[in-house]
Amino acid sequence: MYAQLVKSEAAEETEQDRAFQERIDRKEKIEPKDWMPEGYRKTLIRQIGQHAHSEIVGQLPEGNWITRAPTLERKAILLAKVQDEAGHGLYLYCAAETLGISRDEMTEMLLDGRMKYSSIFNYPTLTWADMGAVGWLVDGAAIMNQVPLQRTSYGPYARAMVRICKEESFHQRQGFDIMMKMAQGTTAQKKMAQDALDRFWFPSLMMFGPSDKDSVHSAQSMAWKIKMNTNDELRQKFVDQTVPQAEYLGLTVPDPDLRWNEETGHYDFTEPDWSEFMDVIKGNGPCNADRIEARKKAWDDGAWVREGLMAHAEKRRAARVAAQ
Amino acid sequence: MSNHASHPYPGTKTPEGAPRREWPLWEVFIRGQHGLSHRHVGSLHAADATMAMKNARDVYTRRHEGTSIWVVPSSAVTASSPSAKGPMYEPADSKPYRHPTFFDIPDDVGAM
Amino acid sequence: MSALGPLATRMGDNTLILGHRLSEWCGQAPALEEDIALANTALDLIGQTQMWLGLAAEIAGEGKTADDLAMRRDVWDFRNLLLVERPNVDFAYTTTRQFLFDRWHLPMLDALSRSSEPRVAAIAAKAVKEATYHAERSAELVVALGDGTAESHDRMQAALDALWPYTGEMFIGDDIDAELASEGIAPAPESLRDGWEEAVRTFLADATLSVPDSDFAHRGGRSGARHSEHLGHLLTQMQWLQRAYPDATW
């Protein structure tokens with residue numbers, strides 16, 4: 001999900017490339033020390049890095065409500081969930097690091113705009129119902145993409161996804177649980193719930209990336225099994241799954257043209273506004289500047305801590321050596 | 001196991017050209033509740049072994065996954081090379097007698 | 001037994017306010033590993049809050065819950081130490097505040113786990129395991145950052161100097177404490193002072209930090225008589241939804 005518009009490197013067709021592709025076709029896992037085409041490596045760094053950055057930037061919109069959570073239990077659940085996102089970012093950075101790039105390097109690339117994160121986290125969380133909507137819709141969309149990635153061809157990435165999917169199973173449920181409480185609550189709470197769905201519906205659909213007919217990078221990534229489904233497949237699956245849930249909540253999906261299509265066995269729905277999506281990707285979303293500034297501040301303010309701990313560790317090591 | 005047989009990013013530099021001083025990478029192994037062997041669960045960064053141990057506890061046992069933790073500097077792992085896959089593992093293919101299913105024991109002998 | 005409610009409130013308000021402060025770090029810490037560790041400590045403290053304030057609510061009766069106490073009281077009803085409401089400022093303040101608190105919290109919980117009041121003993125027995133880990137971690141960080149770079153040392157010293165006057169309050173007893181001690185429910189605050197000082201001084205020496213020589217103590221938190229201005233702002237955030245939508249359930 002978190003891999004929107006990942007530019008894929010073109011593959012040359014040498015003997016080695018063909019043998020590599022055959023391994024992937026045989027569903028063998030590629031491991032860090034194995035030979036791999038440079039394009040495969042670079043594309044993976046981009047994709048896993050973007051995925052990791054999305055987890056870390058994704059902490060911010062939900063972190064925004066931890067100090068305002070309405071009960072002690074809600075506060076603990078939300079904190080645990082946002083903490084999991086930090087953990088997932090950590091697992092993914094480690095997976096990317098096996099490809100020969102460091103976490104600090106990727107962080108710098110995020111902060112100076114060379115690497116991207118998912119467009120969804122550039123939308124603000126304005127009410128408590130947004131915590132419900134983010135868990136229900138955003139995590140729901142993420143899971144849809146992440147479950148098949150457990151079978152991706154690169155071993156460390158696949159293993160990180162297995163761990164992440166296992167841990168994320170509660171995330172969407174906690175979001176839906178918040179939505180249920182809100183939808184069944186007071187008039188004001190219902191209004192908040194509907195408002196959250198109104199604001200997050202189309203941005204959630206954008207999470208899957210532009211339509212495959214416009215996506216030039218999909219084919220290579222799918223051949224390499226680092227992208228498992230097309231964007232449109234996943235988006236349709238998400239809509240089909242989510243619409244009945246919205247009905248259950250008694251909320252209205254903000255799409256007047258949404259209807260069940262007996263023939264296709266799927267919902268017909270309105271595409272999100274792709275010009276808005278491109279604006280957000282370019283940096284003009286409602287929160288892009290705030291998000292990057294928050295990450296920069298954390299990074300800069302933390303520098304002395306990272307250096308201090310490193311300096312102490314070196315002193316201790318030197319003292320140990322001297323004592324020997 | 002994720003594989004950092006040598007330093008995974010030797011001598012990378014910051015955009016200003018200074019060498020990066022990152023916390024080193026550690027591999028984390030955890031023994032679960034059921035007394036099985038320690039299993040590789042992932043990696044993390046820490047300045048030294050003490051902090052690596054604490055970080056491993058905080059990062060990798062959030063759901064009571066373990067009863068014992070090992071942390072090993074990634075740089076200390078010596079990994080087999082993929083090109084040696086044949087000589088390393090194939091000889092075992094020809095020794096099926098090491099596996100219990102190699103032997104047919106009549107059912108009336110009972111459990112063995 | 002009239003002192004039992006105040007004891008539970010004091011313990012629960014400490015963990016509530018400190019847990020809240022730590023939760024403010026989520027997504028902002030110096031490294032991912034630290035972000036996750038801070039959240040773990042915050043989660044432990046929030047869990048302890050649910051138990052302590054749950055006990056306080058049970059004693060208060062009238063169908064009150066821990067959430068009512070956390071979300072619907074005003075500043076003057078809070079009984080936490082002034083130390084825990086100090087703002088995060090930077091990682092040095094946060095770490096030092098945690099260290100000074102943990103070194104008190106651990107022996108306090110240890111003593112409470114042997115309380116003559118079984119409900120107190122049960123909560124403390126669970127919490128003491130968590131506090132043991134917190135105390136180990138914060139002490140290690142204080143030592144490492146104190147004895148790290150010149151900058152980390154200076155920041156830690158500044159934090160220690162600023163927070164030191166808020167430690168004395170932990171050891172000043174009142175009538176409630178006297179009653180709790182006489183019934184074997186809780187230790188007298190004064191009795192924890194020597195052990196705390198010894199431990200704190202040992203770690204600070206390893207950290208190459210100097211112990212401030214002032215023994216002045218700000219007070220008014222655990223009595224509720226005079227909290228700092230910071231607490232009101234914290235409550236404004238923490239209680240906002242419950243105050244703005246009093247009829248809602250969440």
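The table that follows gives values for the structure above.
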{"quantity": "Solvent-accessible area, 1.4 Å probe, carbon plus sulfur percent, for region C:67-150", "calculated": "57 percent"}
{"quantity": "Cα-based Rg / Dmax (Å) for region A:15-323", "calculated": "21.1, 79"}
{"quantity": "Residues losing 10 Å² or more accessible surface upon assembly, region C:143-188, compared with the chain by itself, 1.4 Å", "calculated": "C:V143, C:A144, C:L145, C:D147, C:G148, C:T149, C:E151, C:S152, C:R155"}
{"quantity": "Shielding by partners - mean other protein chain Cβ count within 10 Å, residues of B:21-32", "calculated": "3"}
{"quantity": "Solvent-accessible area per residue, Å², over the protein assembly as shown with all protein chains present [probe radius 1.4 Å]", "calculated": "42 Å²"}
{"quantity": "FRET E, pair C:A162, A:A303, Förster distance 25 Å, beta-carbon r, rounded to 0.05", "calculated": "0.70"}
{"quantity": "For region A:182-196, Karplus couplings with θ = phi - 60° (6.51, -1.76, 1.60), whole Hz, Gly/Pro x", "calculated": "5, 5, 9, x, 5, 4, 5, 5, 4, 4, 4, 5, 5, 4, 5"}
{"quantity": "Cα shape, region A:155-197, gyration tensor, a/c 1.5 rule", "calculated": "prolate"}
{"quantity": "Per-residue [θ]222 nm for chain C (sum of -39500 (n - 2.57) over DSSP H runs n ≥ 4, rounded to 500)", "calculated": "-21000 deg cm²/dmol"}
{"quantity": "Residues losing 40 Å² or more accessible surface upon assembly, region A:265-312, compared with the chain by itself, 1.4 Å", "calculated": "A:A298, A:W304, A:V305, A:R306, A:L309, A:M310, A:H312"}
{"quantity": "Per-residue SASA entry for A:E233, accessible area with 1.4 Å probe, Å² rounded to 10", "calculated": "100 Å²"}
{"quantity": "30 Å Cα-Cα reach of A:K213 towards lysines, excluding residues that sit fewer than 8 places from it in its own chain", "calculated": "A:K7, A:K27, A:K29, A:K42, A:K116, A:K225, A:K227, A:K237, A:K282"}
{"quantity": "DSSP H segments from chain C that extend 24 Å or more along their own axis, Cα-based, with Kyte-Doolittle mean of 0.0 or above", "calculated": "C:4-23, C:32-60, C:91-112, C:118-146"}
{"quantity": "Total accessible area lost when A and B pair, probe 1.4 Å, Å² to nearest 100", "calculated": "2600 Å²"}
{"quantity": "Unit charges at the beta carbon, dipole of region B:22-109: most positive-side option, B:V109, B:M51, B:V72", "calculated": "B:M51"}
{"quantity": "The protein assembly as shown: translational diffusion in µm²/s, Stokes-Einstein, Kirkwood Rh over Cα pairs, 20 °C, 1.002 mPa s", "calculated": "78 µm²/s"}
{"quantity": "Sequence of A:K282, A:K75, A:K297, B:K95 from largest to smallest accessible area, 1.4 Å probe", "calculated": "A:K282, A:K297, B:K95, A:K75"}
{"quantity": "In Å², nearest 10: area of A:R291 left accessible to a 1.4 Å probe", "calculated": "30 Å²"}
{"quantity": "Average partner coverage of C:41-52, which counts Cβ from other chains inside 10 Å", "calculated": "3"}
{"quantity": "Helical contribution to [θ] at 222 nm, DSSP H n ≥ 4, -39,500 (n - 2.57), averaged over chain A, rounded to 500", "calculated": "-20500 deg cm²/dmol"}
{"quantity": "Area of C:L38 that stays accessible when all protein chains are in place (1.4 Å probe, Å², to 10)", "calculated": "20 Å²"}
{"quantity": "Solvent exposure, largest accessible area first (probe 1.4 Å, DNA, RNA and ligands not counted), of A:E105, B:E27, A:E13", "calculated": "A:E13, A:E105, B:E27"}
{"quantity": "Contact order normalised by residue count of region A:80-169, Cα under 8 Å, 6+ apart, percent", "calculated": "32 percent"}
{"quantity": "GluC sites (Glu not before Pro) restricted to DSSP loop in region A:255-303 with at most 15 other C-beta within 10 Å", "calculated": "A:E262, A:E263"}
{"quantity": "Compactness of region C:107-191, expressed as Rg and Dmax over alpha-carbon positions, Å", "calculated": "16.7, 49"}
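The values are calculated or read from the model by the stated rules, or taken from the named source; none is laboratory data. On a predicted model such as this, the values are computed, not experimentally measured, just so you know. Quick reminder, even Gly has a Cβ in these numbers, built from the backbone with ideal geometry, and neighbours come from all protein chains shown. Ligands, DNA and RNA are stripped out before the accessible areas are found, and what is left, the full protein with its side chains, is counted by its heavy atoms. Shrake-Rupley method; radii C 1.70, N 1.55, O 1.52, S 1.80 Å.
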